[in-house]
Amino acid sequence: MLLVNNLKFERSEKVIFENIHIAASSGKIVFVKGNNGTGKTTLLKTLVNILEPSEGDIFWMGKKIINNIFNFYSETTLIMDKPTSSLEMTVIENINFWKQITLSQIKYEEIFNLLEMLGIDQYIKKQTMYLSLGEIKKLELTRLILEQKKLWILDEPYIGLDKNSIDIINETFIDHVSNNGIIIFSSNYEPDFTNLDIISLNSI
């Protein structure tokens, strides 16, 4: 479980968000919503210890993540709005890199099937710099399956995706929480999920 208690973040004496409480247990999807500039990305970065909160505590499996950071990262896939893929590397080279650093046991047949479903299998030997923004987003999202982690944290996962890809990602989300996974994501698009907890950020 990821437990967030009374989280607050200030920047240059301006309160970005405050009084944030999250209890994300197995099988839970948490949706962070709000207009641009309300702190959605900042909140996600705070949850994974990229940014330090001004107040509040964050716990993973009963321990503060600051004291349990390596275990926390070993069970978390983070996909932010900016890609982690190398533009100079091909699609398959990026996948091989992620596979190696996460010690993923996923079979290449599963990877190719996923790329085919997302419609980017024909680009497997193409450098990522020649892909569109939507195609790069699809490549980034393959990490959800590739890394096989319990907690998924995603910033704007739907940007640049067509309807077919959105449907595939939604099905992937449902499958993950059905297998006791946890998802926290921010988006301007609100999918029609049951069992959805909503964190609404408004300008302060």
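The values are calculated or read from the model by the stated rules, or taken from the named source; none is laboratory data. None of the values given here were measured: they were computed from a predicted structure. Cβ placement follows ideal geometry from the backbone for every residue including glycine, while neighbour counts extend to all protein chains displayed. Remember, those area values only see protein heavy atoms, side chains included, never the ligands or the DNA or RNA. Shrake-Rupley method; radii C 1.70, N 1.55, O 1.52, S 1.80 Å.
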All but one of (1) hydroxyl-bearing (Ser, Thr, Tyr); (2) surrounded by 18 or more Cβ atoms within 10 Å (Cβ to Cβ); (3) touching a strand residue (DSSP E or B) at 6+ places or on another chain (Cβ under 6 Å) hold for THR38, so report the exception by its number. (3)
Could you list all residues from segment 158-185 that are open to solvent by less than 20 Å² (accessible area, probe 1.4 Å) and modelled with pLDDT of 95 or more? PHE173, GLY181, ILE182, ILE183, ILE184, PHE185
Which condition from (1) open to solvent by 60 Å² or more (accessible area, probe 1.4 Å); (2) touching a residue at least 40 places away in the same chain (Cβ under 8 Å) is the one that LEU103 breaks? (2)
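Results for (1) outside any loop (DSSP other than H, G, I, E, B); (2) touching a helix residue (DSSP H, G or I) at 6+ places or on another chain (Cβ under 6 Å); (3) over 15 Å from LEU78 (Cα atoms), shown as yes or no for each residue.
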| position | (1), (2), (3) |
| --- | --- |
| LYS137 | yes, no, no |
| ASP167 | yes, no, yes |
| ASN170 | yes, no, yes |
| ILE174 | yes, no, yes |
| TYR189 | no, no, yes |
| THR194 | no, no, yes |
| ASP197 | yes, no, yes |
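Considering ASN94, ASN113, which residue is open to solvent by 60 Å² or more (accessible area, probe 1.4 Å), outside any loop (DSSP other than H, G, I, E, B) and either in contact (Cβ under 8 Å) with a residue 40 or more places away in the chain or in contact with a helix residue (DSSP H, G or I) (Cβ under 9 Å, 6 or more places away or on another chain) (or both)? Quick ask: steps written out before the conclusion?
Numbers: ASN94 fails: open to solvent by 60 Å² or more (accessible area, probe 1.4 Å).
The match here is ASN113.
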